[in-house]
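Engineer: Take a look at the following structure, please.
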Amino acid sequence: MPLFILFFSLWLAGFSTNVFATDITVSLDRSPVSVDESFQIIFTASESPDDDPDFSPLEQDFTVQSQSQNSRTEFVNGKLNRIIQWVVTVMANDSGNLIIPVIKFGSDSSPALKIVVSPSSTNKTTQNDEDLFLEVTANTEKPFIQSQVLYTVKLYRRVDFAKANLSEPELPDAVIEKLADDANYTTQVSGVTYVVIERKYAIFPQKSGVTTIKPLVLTADTVARGRQSNSFFNSQITQRRIVKSNPITLNVQPIPATFTDSHWLTAENLELTQTWSGDTSQMKVGEPLTRSVKLVAHGSTVGQLPELNNSKIDSQLKAYNDQPVLHEDKTLAGIVASREEKIAFIPAKAGNYTLPAIQISWFNMQTQKIEMATLPEMSLTVVGAENAPQIQTTPAVVEKQIPPAPLSEGGRQESPVVENGQGNLVWKSVAIFSTLGWLMTLVFLFFKHKTASKKISEPVENPVEISLKACVKQLKKACMTDDAQAAKIALIEWGRGQFDETSLGAIATHCEARLRDEILKLNSSLYAKNAEPWQGKELFKTFSENNARAKLTTHEKADVLKPLYRL
């Protein structure tokens, strides 16, 4: 008996090991890469795997330069999670579509992963300052209005920094978002090894025409080589260096004349899906069924995504919309935006109902063609439910009951008697009063029309618009001088006119995410005990971008564009 238990325990242990294998994921610090650039492969596990990893399969297509391991703990949703990572720095041996092979961790293993490795850049040459220079590129120089432009910044260096500062890209009438974290790697330029810091941005031009991304400026204190100070307190000698990148000119294209939909939307890929909380062929009277419609756009912001559930449906099918769920992911390939809308349907009576198709017209930036994302027309079947509540959709019509005529002495029903004299007097009074009212209305409308004609011939600028323009000027002045109190006053005046709100916190709730965050930062700096000095440049930048999107109010083919939806 003890021997049987021993064998059973060993079998159960082996079974448990196979069933509860450790989940190991694989990711890259950047993609695609060049054949002469190093990159990192990151293996992540939530618990200790069966054994140490064997990275020897990588050596078939890659040269392993270094590897390291680290672990940390995270407290998420009330649970303590342990994260273990192995970081392997490699360089591809050849260009092409390569496969990062399966890596064994004892009986556990990681999945394979594809990576695109481009040939060595033949146009990559050192500039005047051979040990420090900037390189900027854009994935397209002829984007369409509101489409995504991937702007890549690479800092090449062969010197050490004591301190450095790199300016942000600037482009008028554009939304600019930084993507993910900076990547660090080494590369060869003209046979010389450089350390590269790579940073990516997503830029969405909001106006058509020729425009220029200003050069970036790097201000760095570099450590002078081979020179040491005699001072004990200053062992390094630094040199101030200023390096500029090239400007990049974009020729932003307007909306194509062939795009006839009222909402302009560009993306690199679009996915429209739906799910239901129950069976659509067996709905019951009075019981809700929820439909979730989700739109995912690669290369767009959430502000560009249209409403999804806006079609008219049968009045016997009550619909209740929930607040849309908006989300943005900033990946190395750009921004991925999603909009999810939930709507609960409650049928009032049994029968068949039809939900119209949902169609989203969009412009594919990869194929340069107009495409249509569609959820087809749907049929819902509603059956009666036991003890279902009666849902009244229209007010009941109550007929006026006329009392029966009194009986005569002989038992016969007499006809109702109408007092003609009194009835005629009442009707005459009503007719005279209605006639007088009609004449007075005609006189009033005549004089009102003459007054309106005079006002139209003498246009006067709206005083509310004048007030809002003054608020914007005051806000710009306050932000440029970093005057937090003046910025607060200007914002409150603007918020009072726009949203009828009188506090920064309340105004922030009406604004898109970026402007909301900057307003809350201002509010925090005004009232925090140990607040850092406030800088207003970023606030006015996001405020201007918000206004630029708000002005795009209609879809016209020339220059006017439908506005972005507010977050």
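Just so it is clear, none of the values below were taken in a lab; they were calculated from the coordinates. Please read these numbers as outputs of a predicted model, since none were measured by experiment. Note: ideal-geometry Cβ built from the backbone for every residue, glycine included; neighbour counts use all protein chains shown.
Engineer: Could you tally the net charge around D483, taking each other residue with its Cβ under 13 Å from the Cβ of D483, Lys/Arg +1 and Asp/Glu -1?
Structural biologist: Details: positive: K476, K477, K488, K537; negative: D482.
My count for the surroundings of D483 gives +3.
Engineer: Take region 132-252, drop everything but the C-alpha atoms, weight them equally and run the Debye formula without solvent; then report log10 I(q)/I(0) at 0.12 Å⁻¹ to two decimals.
Structural biologist: Calculated log10 I(q)/I(0) at the listed q: -0.53.
Engineer: I've got another one for you. At 4 °C and a viscosity of 1.567 mPa s, what translational diffusion coefficient does Stokes-Einstein give for region 19-118, taking Rh as the Kirkwood radius over Cα pairs? Give it in µm²/s as a whole number. Each step should come with its number before you reach the end.
Structural biologist: Numbers: Rh = 14.3 Å.
In µm²/s, the coefficient rounds to 90.
Engineer: Given 0.36 nm per residue, what is the gain on full extension from A470 to A506 after removing their alpha carbon distance, in nm?
Structural biologist: Length gained between A470 and A506: 10.9 nm.
Engineer: Could you derive backbone 3J(HN,Hα) for region 265-270 from the dihedral phi with the Karplus parameters 6.51, -1.76 and 1.60 (θ = phi - 60°), listing whole Hz in sequence and x where the residue is Gly or Pro?
Structural biologist: Values, residue by residue: 9, 10, 6, 8, 7, 9 Hz.
Engineer: List the residues whose amide H sits under 5 Å from the amide H of G536, counting only those 5 or more places along or on another chain, with H placed 1.01 Å from N in the peptide plane.
Structural biologist: Result for G536 returns D482.
Engineer: Please report, in debye to the nearest 20, how large the charge dipole of region 19-118 is about its Cα centre when each Lys and Arg carries +1 at its beta carbon and each Asp and Glu carries -1 there.
Structural biologist: Here region 19-118 has a charge dipole of around 360 debye.
Engineer: Let me ask another. Taking 0.36 nm per residue of separation and subtracting the Cα-Cα distance, what length does fully extending V195 through N310 add?
Structural biologist: Numbers: separation 115, 0.36 × 115 = 41.40 nm, distance 5.26 nm.
Roughly 36.1 nm would be gained on extension.
Engineer: Next question. Less than 12 Å Cβ to Cβ from D94, Lys/Arg counted +1 and Asp/Glu -1: what total charge do the surrounding residues give?
Structural biologist: Once positives and negatives cancel, what remains is -2.
Engineer: What are the residues whose amide H is under 5 Å from the amide H of L250, where those residues sit 5 or more places off or on another chain and H is modelled from the backbone?
Structural biologist: T211, T212, I213
Engineer: Relative to the present Cα-Cα distance, how much length would full extension add between T331 and T273 at 0.36 nm per residue of separation?
Structural biologist: On the way: separation 58, 0.36 × 58 = 20.88 nm, distance 2.17 nm.
Contour length minus Cα-Cα distance gives 18.7 nm.
Engineer: Another question, if that's okay. Restricted to Cα positions, what overall size does region 463-551 have along the principal axes? Three whole-Å values, descending.
Structural biologist: 40, 24, 22 Å, listed from the longest principal axis down.
Engineer: Pop the C-beta distance of D50 and V87 into the FRET formula with R0 = 30 Å and round what comes out to the nearest 0.05.
Structural biologist: Values: r = 20 Å, r/R0 = 0.67.
Rounded to the nearest 0.05, the efficiency is 0.90.
Engineer: Give me M91, M378 sorted ascending by neighbouring Cβ count inside 10 Å, so fewest comes first.
Structural biologist: Details: M91 20, M378 15.
If I rank by nearby Cβ atoms, fewest first, I get M378, M91.
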